[in-house]
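First comes the structure, then the notes that go with it.
What follows draws every value from the coordinates through simple rules; no lab data is involved. Since the model is a prediction, treat every value here as computed from it, not as a measurement. Here Cβ is always computed from backbone atoms with ideal geometry, including for glycine, and neighbour counts include all displayed protein chains.
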Amino acid sequence: MAAAAGPPKPKTSPKSIKFLFGGLAGMGATVFVQPLDLVKNRMQLAGQGSKAREYKTSLHAVASILRNEGIGGIYTGLSAGLLRQATYTTTRLGIYTVLFERMTKPDGTPPNFLMKALIGMTAGATGAFVGTPAEVALIRMTADGRLPPDQRRGYSNVFNALIRITREEGVTTLWRVGTKLSPLLSLLLPFSISLLARTHQDLCYCILMVMLQYFDGDGICLLSGYFGDDILCHFCASMISGLVTTAASMPVDIAKTRIQNMRMIDGKPEYKNGLDVLMKVIRNEGFFSLWKGFTPYYARLGPHTVLTFIFLEQMNKFYKKYFLDS
């Protein structure tokens, strides 16, 4: 007699849908936080040339942009921001999901703490590589408004930017920041580690998610009983990890931003490498200028994380209701 069949497995969304929804959720959140990205980039570029006192604070930057460029000016570079999320978030989520499933044991036991951190770092670094061209376009598009009209690049959208950069400067320019930063990263090991973590705070984020949820109550983590795998936990993990990684990685980030935006002067690049950027910033603008744009950069982390999970949850509910009949 044939054995009785077990209960049917619940229907789940296919992987392609999960990746698609992950990218769309990140893009939806970007629509709301794009002005903060713009302000961060403008503040990091302020100080070059004769504009050393261009922006005093984040609020001053916002007021200046609204006054000079109108309400639409705060959304300059939105198409590049959306493409960055479409490439980075989708790749990161896809790599993470595939590696997590491969490392899960046949009995359903998930990977241990160290393996989760390694998976998060690998997914974040791969996503960052794929998303770098869109980020280069974003930096340049958000920087354009602060330049005199005759010096602006005038990219109409992210695809126009990518095509023109490739045609005018070569395809390797889209990844030029990696080679220019390598001497800096080899010298400043803590910053290079934080740069990996800063790919959406993958390393620190994974560590905090485990700490907030899974440590036992023997005094190791007093907060573990108050958090589940919900929006509040993701928000807290994002904000705490973001504070650490933002403070540690901002000097590298300002070097990255200026290298991605630099021009050729008399046939030579404006900066030799990341160390050259830092030395010029410290010499011309002061040591603490290495943390320009800290406030808007940090302020975008929490809202972006929360909005991403809200959009993702709503899309999953819609798909289950209308396509999985559940």
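Computed from backbone phi, the HN-Hα couplings of the stretch 314-321 come to 5, 5, 5, 4, 4, 5, 5, 6 Hz, rounded to whole numbers (Karplus: 6.51 cos²θ - 1.76 cosθ + 1.60, θ = phi - 60°; Gly and Pro given as x). Anything over 25 Å Cα to Cα? Flag those among Lys18/Lys321; Lys40/Lys317; Lys18/Lys105, in the order listed. Flagged as over cut-off: Lys40/Lys317. The phi torsions of the stretch 146-160, fed into the Karplus equation with coefficients 6.51, -1.76 and 1.60 and a -60° offset, translate into couplings of 8, 9, x, x, 6, 10, 6, 6, x, 5, 7, 6, 5, 6, 4 Hz, rounded to whole numbers, with Gly and Pro shown as x.
Of the peptides 294-301, 76-83, 96-103, the ranking by mean beta-carbon count within 10 Å, highest at the top, reads 76-83, 294-301, 96-103.
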